[in-house]
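Taking it in order: structure first as structure tokens, then the write-up.
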Number of protein chains: 2
Amino acid sequence: MSQDSGGVQPRPRKERTENAARRRGQLIEAALRSIIENGLPGTTLATVAREAGLSQGVAVFYFQTKEGLLAAALERHYERYEENWRQALDAAGDDPAERLAALVRADFHPSVCSREAQIVWHAFWGEASSRPLFNRIADRFDTHRSDALEAAAAALLAELGRDTSEARALGAGIEGLTDGLWLQIYLASGITRPAEALAVTFRFLRALFPERPAVFGAPGD
Amino acid sequence: MSQDSGGVQPRPRKERTENAARRRGQLIEAALRSIIENGLPGTTLATVAREAGLSQGVAVFYFQTKEGLLAAALERHYERYEENWRQALDAAGDDPAERLAALVRADFHPSVCSREAQIVWHAFWGEASSRPLFNRIADRFDTHRSDALEAAAAALLAELGRDTSEARALGAGIEGLTDGLWLQIYLASGITRPAEALAVTFRFLRALFPERPAVFGAPGD
DNA sequence: TTATTTTGTTTGAGCGCTCATGCAAACTAC
DNA sequence: GTAGTTTGCATGAGCGCTCAAACAAAATAA
């Protein structure tokens with residue numbers, strides 16, 4: 001099963017490619033686990049390789065540099081986060097208030113709000129200022145999220161017949177609020193439980209949108 | 001004029017102590033500058049010594065370990081932050097709403113909200129999970145701040161005849177909001193200017209305390 | 001005062017170690 | 001066989017930290 005007439009059939013080893021994807025995934029997950037256990041500066045190619053049960057050389061083989069591997073890990077972390085809120089948004093229906101509530105609720109879902117996940121976020125953010133590559137990745141994904149928040153806020157304001165020019169500021173504020181509560185959870189100071197943080201956020205949303213108190217009512221989780 | 005019979009005249013070298021304090025300060029400032037320039041993992045005893053114009057050995061002489069030096073730098077950063085909001089609070093008078101506004105306004109004062117200052121915050125926070133010493137320092141100072149915020153919120157709620165049991169949640173939320181906006185300024189995503197961030201925060205405060213719109217009005221800076 | 005000792009400070013070379021990366025060889029699936 | 005993997009040791013750079021020695025200031029003695 002190979003000579004298919006003249007053309008150079010570029011069917012390059014399907015299995016090998018799958019293997020590569022699997023290895024890359026294995027290494028990325030190992031990197032995330034190592035960051036959680038050892039912190040980002042404490043994460044070395046050796047700790048990642050050990051965690052993955054592979055040799056150190058294979059990490060270099062698939063990601064040329066350590067920074068490349070870490071960048072891939074950051075992207076994976078953002079992808080999971082984004083997938084989470086996009087699903088919540090899809091499931092939320094058409095009511096703008098429900099969509100806004102869904103976006104906020106998604107931020108405190110255990111899968112993205114666990115202590116482990118927080119460690120990863122702050123580890124990368126802490127180095128973002130001295131690593132342009134990390135900063136660029138963060139910026140790209142953060143834009144997706146704030147666009148979604150702003151759109152939901154704008155739709156809600158329009159529905160209520162209020163000034164939609166406030167949408168950007170409100171979106172940024174809501175985003176800031178959730179991020180800041182994440183920080184409190186991470187540092188274990190003040191608010192420490194996701195459910196509590198969600199309740200606080202909803203309390204703020206009720207104040208901002210007093211026309212729709214029910215939607216931002218007691219957290220139904 | 002000297003023989004006081006038995007007693008050992010304890011006149012202990014005043015100049016030397018001053019010298020030590022000056023050196024320590026010099027090294028701490030150098031460490032902060034190095035963190036801003038090179039990031040925390042990129043900060044070594046060598047970069048700090050170079051920045052201070054001193055030898056590497058002298059850094060070890062005054063702080064026994066690198067971690068000790070970095071911890072001192074984090075404390076200095078928090079002290080400056082705390083001094084800033086305490087002064088603002090003292091200057092704010094007795095009106096609870098004014099006191100709350102002062103606390104928030106202080107957070108976006110250039111001296112604590114510059115990009116350089118943000119880099120330092122997030123550098124330390126990023127490593128707090130793997131460095132118990134950093135975490136303890138952060139926790140201690142964060143408690144001071146949230147106590148002050150909670151107290152201001154409680155006083156305002158009492159004045160308005162509202163339920164004061166909400167004070168803790170509101171304080172945590174306000175703190176979260178400012179911290180989250182700091183993150184946006186730091187990552188240069190969304191809100192990027194302190195004045196803008198302050199306006200957003202005040203917009204939220206007006207929603208939370210509609211009885212006192214004027215106090216949380218357009219930022220007067 | 002001047003000389004000497006004591007005490008505190010500063011230096012920079014260097015030790016032991018870990019790191020990211022390079023690389024030659026071994027292995028494996030076609 | 002051959003091309004794609006995988007290994008794990010070699011390499012050289014850089015790390016925190018040690019330390020003997022040099023230096024400076026203060027205390028003491030003359």
Which Cα, out of B:H77, B:L205, B:G42, lies furthest along the positive dipole direction of chain B (beta carbon charges, K/R +1, D/E -1)?
-> B:G42
Under a no-solvent Debye model with one identical scatterer per Cα of chain A, what's log10 I(q)/I(0) at q = 0.19 Å⁻¹?
-> -1.33
Those residues in segment B:31-47 that give up at least 40 Å² of accessible surface, probe 1.4 Å, once the partner protein chains are present instead of the chain by itself are B:P41
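How large is the dipole of segment A:14-64 about the Cα centre if only Lys and Arg carry +1 and Asp and Glu carry -1, each at its Cβ, rounded to the nearest 20 debye? Numbers along the way, then the final one.
Working: 7 positive and 5 negative charges, 36 e Å.
The dipole of segment A:14-64 has a size of about 180 debye.
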A:R76 accessible area, nearest 10 Å², 1.4 Å probe?
-> 70 Å²
Pseudo-label separations to other copies for A:A46 - Cα-to-Cβ vector, 7 Å, nm = 1.9
Using alpha-carbon coordinates, inclination of helix A:132-159 to the longest axis of chain A, degrees | 30 degrees
Which length gain, in nm to one decimal place, applies between A:A188 and A:R136 when the Cα-Cα distance is subtracted from 0.36 nm times their residue separation?
-> 15.9 nm
The answer for the net charge of residues other than B:L160 whose Cβ lies under 13 angstrom from its Cβ, with Lys and Arg +1 and Asp and Glu -1, is -3
Could you run the Karplus curve 6.51 cos²θ - 1.76 cosθ + 1.60 with θ = phi - 60° over segment A:70-80 and give me ³J(HN,Hα) per residue in whole Hz, x for Gly and Pro?
-> 5, 4, 5, 5, 4, 4, 4, 5, 5, 4, 4
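What accessible area per residue comes out for the protein assembly as shown, rounded to a whole number of Å², with a 1.4 Å probe? If you can, show how the numbers build up before the last one.
Values: 20690 Å² over 442 residues.
With all protein chains present, the protein assembly as shown gives 47 Å² per residue.
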Please turn the phi angles of segment B:181-194 into ³J(HN,Hα) values with the Karplus equation 6.51 cos²θ - 1.76 cosθ + 1.60 (θ = phi - 60°), one per residue in order, whole Hz, x for glycine and proline.
-> 6, 4, 4, 5, 4, 5, 7, 6, 10, x, 5, 10, 10, x
Separation of the B:S114 and A:Q56 label points, Cα + 7 Å toward Cβ, nm = 4.0 nm
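Quick one: pull the percent of accessible area on segment A:59-191 belonging to carbon and sulfur, 1.4 Å probe, ligands and nucleic acids left out. Display every interim value, and only then the final one.
On the way: 2520 of 4980 Å².
Here it works out to 51 percent.
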Report the closest approach of any chain B C-beta to the axis of the B-to-A rotation: residue and distance, in whole angstrom.
-> B:G126, 1
Relative to the longest principal axis of the C-alpha atoms of chain A, give the angle of the C-alpha long axis of helix A:14-38, reported between 0 and 90° and rounded to the nearest 10°.
-> 60 degrees
Table column - 3J(HN,Hα) (Hz), segment A:110-120, Karplus curve with 6.51, -1.76, 1.60, x for Gly and Pro = x, 5, 10, 10, 5, 4, 4, 5, 4, 4, 5
Give the calculated FRET efficiency between A:D94 and B:A214 to the nearest 0.05, with a Förster radius of 41 Å applied to their Cβ-Cβ distance.
-> 0.60
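Can you compute the equivalent ellipsoid semi-axes for the protein assembly as shown, i.e. the square root of 5 times each eigenvalue of the Cα gyration tensor, sorted largest first and rounded to whole Å? If you can, show how the numbers build up before the last one.
Details: eigenvalues 330, 273, 56 Å².
Ellipsoid semi-axes (Å, largest first): 41, 37, 17.
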Could you order A:Y78, B:Y62 by accessible surface area, starting with the largest, using a probe radius of 1.4 Å?
-> B:Y62, A:Y78
Nm distances between the label at A:A158 and the same-position labels in the remaining copies, 7 Å along Cα→Cβ, shortest first?
-> 4.7
Taking a label point 7 Å out from Cα toward Cβ, give me the nm distances from A:G68 to the same spot in the other copies, shortest first, one decimal.
-> 4.2
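The values are calculated or read from the model by the stated rules, or taken from the named source; none is laboratory data. Here the structure is a predicted model, which means the values were calculated and not measured. Neighbour counts are summed over all protein chains in view; Cβ atoms, including those assigned to glycine, are modelled from backbone coordinates with ideal geometry. We work out accessible area using only protein heavy atoms, side chains counted, and drop any ligands, DNA or RNA first. Shrake-Rupley method; radii C 1.70, N 1.55, O 1.52, S 1.80 Å.
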